Amino acid sequence: MNEARARIIINLRLSMDSLMRVFSHRSPPPSFGFACDVGAHPSSTAQNLPMTYGSVREMIDDFSIVFGVPKYRTSKPKKVTRKFSFTRLLQPIDNLVTCPACSNIHPSDTICDACYAKVHQLTSEIKKKMMQYNPYVGEKQDKEVYVKFRGEPDAPAAVVKGKRVLEIEKERPTWFKKLTLKE
Amino acid sequence: MSAHRVAVSLPRIGVTIGHAPQKLKTGGIEPSRRARLEVLRRIVTRTVREERAELKWNRAVEARPYLERLIQLGVERGPLDEYTAEMMEWWLPEKDLITKMHEVIVPRFQDRDSPFTSLFRLPPQRLQQFIQNKREVWKRYDIGVLEIDGNPFPQIQADRVDQSESILDVLLADALRNHQKNLQEKLDTPKKSQ
């Protein structure tokens, strides 16, 4: 860097010499005087250095600090287009399987969401019945729950012994198995 | 009582304990270890109350071992144990849930081993996160269903139905049996070259 700076100062002195020849009748301005003073210090070494660039490689090395900057400004539409391109938003899913019960397509590491929707709906209804108790007056969830649907005969006492019976106002779905003594 | 001395005497729980750090944050509490425990406590309380809860997948995976350990304490050490009472009192802030745990949930698993819970994974869903002025922000979530076994709800995954009576299975079994019989006949027949 010092060598580059010295070479720049030498070139500056050459240009100043040409300027002084044109205005030889006036003294140099104060700014040029400062440059002369700076140039005067390495005067002993300036005579040894070459007066101009020795090769293209040296010139390129001097200008290499301007190579790492962008030439053009990226506009906002181009940025947004690149960010939300279809190659990012649309990605293929390759682990899909078919549910054996309802033929719905779902990823292989999850359960079928169409089958779960029915379970979820009935579960929500049973939960609402289950939560209809008032803990502030001493009621507690201290019993097992037995779900009884409309149109069903009363279950035998051995199954419902000590259980809390919830009555649902709809028929039992065919896929919800009835509780028996075997369980 | 030292927790380590209690944990040594308990059998190993049968669910996977995740080791990846999970960001369990909740509104109103600065993210910290205490906030994480608060989130887990809410999940455990909700699961004990409802016996089946839908959560984010990472929260369900993270809370499941704690629920297993809580049920295991009730099963192995009983309600009169000092450590069990302390843990139940902390993890279930509502006292009627402690009653439910000891009288409904723990008797289910007296003659069973861990795991006492089930965890199912649903396909990712796009749910509404929040509404800001006139904008709605939606986000994709991985959903997990955490449930305590033996609950009164319908089963999430139906049992494997025996399909051996279906016509496809009968025909396929017949074809395989005939093929095996043909191979056996070929082996039993002596070769003409010998």
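Highest GNM mean-square fluctuation among B:72, B:125, B:180, for chain B modelled with Cα contacts below 10 Å: B:180. Peptide A:129-136 has a mean shielding of 2, counted as Cβ atoms of other protein chains within 10 Å of each residue's Cβ. Spin-label pair residue A:150-residue B:33: with each label point 7 Å from Cα along the Cα-Cβ axis, the two points sit 5.5 nm from one another. Which aspartates and glutamates have a Cα lying under 13 Å from the Cα of residue A:148, excluding residues fewer than 8 positions away in the same chain? Excluding near neighbours in sequence, the set is A:125, A:167, A:169, A:171. Averaged over the residues of peptide B:144-157, the number of Cβ atoms from other protein chains lying within 10 Å of each residue's Cβ is 5. Evaluated at q = 0.22, 0.23, 0.28 Å⁻¹, the base-10 log of the normalised Debye intensity for segment A:61-124, with identical point scatterers placed on the Cα atoms, takes the values -0.94, -0.97, -1.12. At q = 0.18 Å⁻¹ the log10 of I(q)/I(0) for segment B:33-148 amounts to -0.91, computed by Debye summation with a single uniform scatterer per C-alpha, solvent ignored. Residues B:89, A:125, A:144 in ascending order of nearby Cβ atoms (within 10 Å, fewest first): B:89, A:125, A:144. Helix screen, chain B: DSSP H segments with Cα axial length of 15 Å or more and mean Kyte-Doolittle hydropathy at least -0.5 are B:167-188. In this calculation the C-beta distance from residue B:141 to residue A:69 is compared with R0 = 35 Å, giving a FRET efficiency of 0.25.
Per-residue shielding of A:110-117, expressed as the average number of other chain Cβ atoms within 10 Å of the residue Cβ, stands at 5.
Comparing B:153, B:109, B:120 in a Gaussian network model of chain B where C-alpha atoms under 10 Å apart are linked, the largest mean-square fluctuation is found at B:153. Reported value for chain B: 283 Å³ per residue, from the convex hull of its C-alpha atoms. Footprinting exposure proxy ranking of B:101, A:131, fewest other C-beta atoms within 10 angstrom first, gives A:131, B:101. Fewest neighbouring Cβ atoms within 10 Å first, the residues B:47, A:81 line up as A:81, B:47. With each label modelled as a point 7 angstrom along the Cα→C-beta vector, the residue A:143-residue B:189 pair spans 7.4 nm.
Structure note, pairs A:78/B:139; A:127/B:100; A:118/B:56: Cα-Cα distances above 23 angstrom occur for A:78/B:139. For segment A:143-159, the Karplus equation 6.51 cos²θ - 1.76 cosθ + 1.60, evaluated at θ = phi - 60°, returns couplings of 10, 5, 10, 10, 9, 10, 9, 5, x, 8, x, 5, 6, x, 5, 5, 7 Hz by residue, with Gly and Pro reported as x.
Quick note: the coordinates plus some simple rules give every number you see, no bench work behind them. This is a predicted model, so every value here is computed, not measured. All Cβ positions, even for glycine, are placed from backbone atoms using ideal geometry, and neighbour counts span all protein chains on display.
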